[in-house]
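Rule-based calculations on the coordinates, nothing more; no lab input. Just so it is clear, the model here is predicted, and its values are computed rather than measured. Every residue, glycine among them, receives a Cβ derived from its backbone with ideal geometry; neighbour counts consider all protein chains shown.
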Amino acid sequence: MRIRCQLVVSAAMVVLATAACGSSGVSEDSRSAFVDARADALCTVKTHSYATQTQLEETYLAEQHADIPQSDEKQLREMLDDGDAALNGEITAAVSTRCG
Amino acid sequence: MLSARGTRSLVTVRVHWQVFLNPRTIATDQCRMLRVALFWASKIAAAVVLVAGLPFVVGVSPSDAAPREGITLTTSALPSMHPGQTAWVSTLWSGTNKAADNFKLTATSTGATISYPTNTATYSSFYGSSTLSNNATDFAALKVRINDNVTSTVTINLTATYDLRNNNGNNSNPTPKTENLQVTVPVQAVSGASIGVNTTSLTSVARGSEAWQHFSVTGRKPGVTNLTATVAAPAGITVDYPADGTSAGLSQSSTLDVDTTDFLAFKTAVSDSVAPGSYNLTVTMSHGSGEQQQATVSMVVT
């Protein structure tokens, strides 16, 4: 009985540790670069004005580019599309640090 | 993993501790009051540790214990503008631990005229969609035209409406929210000429040939309407205007808006008699109700 409990606890710890370290398969460097690019894009459009709506949107999209593998970029974009609260929170924190 | 011996040791310690603290086990009257006090103090301390430690166990700070109700406008001041200028600006919003759907932003101002993206027309919403996910930040854009006579900071009154989700999934049981907020636009007055001239030298022209010239200008002050230009050149240099006209007009519109750039086109023809060198041409710009502004540009004849 005790051994079974210990196995259950061990399995739970492995699951928690995996979740905490990021189960997406995206490297920390890619994730960090992605977050930085997104925050920079938001801060750029926050602090500048544009003659046209097109200029604003093109600038925003261009600033979002992160120099990371395409597969990581795709996966991180999908995470945002799915409303990943942790990733969104990292971007929001980075925006707060950069431009308040 | 604890061995059987280790487990017995722990059990022994726990029994001794309970015997020491439990008032029913106290044998002597001299220590009774002290041990009763210790017993209850240990219970209170355990309760305090449990309450204080709970937020750290679940990963939230005390300030997070009561999450904000609603999304937050993180823009307080928009980029500075000039009187008469029209520009697209962005308001940034950050979410809380609840997603917000159907976000609509409208704005009014006594010092500016506000309009919205073409796809929504009567309001603005987030760039990505009308939903702001949990903890996300996104922007809603506005087109702002500062009134011509404004000389100080303009206040823009924002009204944001959205449905704040209370649950995840299909039945989010949303709470409709309306927030009235304000942002400011610092307005910088412009001194000097109404038109900024960007061209200081024209395209060089060989003797006996001709070339079309672009004379670039930028609006500095409001009211530059019906802008035309004529060019005076030294002898031997002939100036012609588009469509055999008597003056040059702007390429895009007859009005030069504040902080927008356009150009006036004209053709210069140089006769064989002109000696090679640099020559000055005088451009006279007329606009509005009779205002004029002159500029001198050089042109090299080869």
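Annotations for the structure displayed:
- Span from the region A:72-91 Cα centroid across to the region B:221-240 one, whole angstrom: 56 Å
- Residue list for region B:198-230, given a label point 7 angstrom along the Cα-to-Cβ vector of B:E291 and an amide N cut-off under 17 Å: B:198, B:217-230
- Peptides B:147-155, B:215-223, ordered by how many other C-beta atoms sit within 10 Å of their residues on average, highest first, read B:215-223, B:147-155.
- Scalar couplings 3J(HN,Hα) for region B:256-266, obtained by applying the Karplus form with A = 6.51, B = -1.76, C = 1.60 to θ = phi - 60°, are 9, 6, 4, 6, 10, 10, 9, 9, 10, 10, 8 Hz; x denotes Gly and Pro.
- The mean of 1/r over all distinct Cα pairs in region B:79-227, once inverted, gives the Kirkwood hydrodynamic radius of 18.5 Å.
- B:N149/B:T230 FRET efficiency (R0 30 Å; Cβ-Cβ; nearest 0.05): 0.45
- Eigenvalues of the alpha-carbon gyration tensor of region B:70-110, scaled by 5 and square-rooted, set the equivalent ellipsoid semi-axes at 26, 12, 8 angstrom, largest first.
- Its Cα centre serving as origin, region A:33-100 has a Cβ charge dipole (Lys and Arg +1, Asp and Glu -1) of approximately 280 debye.
- The label-point distance for B:H214 and B:Q188, in a model that sets each label 7 Å from Cα toward Cβ, rounds to 2.6 nm.
- For B:T96, residues with placed amide H under 5 Å, excluding near neighbours: B:N135
- Semi-axes of the equivalent ellipsoid for region A:19-100, Cα gyration tensor, largest first, Å: 24, 14, 10
- Shape summary: region B:211-302 maps onto an equivalent ellipsoid whose semi-axes, from the alpha-carbon gyration tensor, are 26, 12, 11 Å in decreasing order.
- Whole-Hz Karplus values for region A:77-85 come out as 4, 5, 4, 5, 4, 7, x, 4, 5 Hz, taken residue by residue from phi with 6.51 cos²θ - 1.76 cosθ + 1.60 and θ = phi - 60°; glycine and proline positions read x.
- The slack in the chain from B:S115 to B:K267, taken as 0.36 nm per residue of separation less the alpha-carbon distance, amounts to 50.8 nm.
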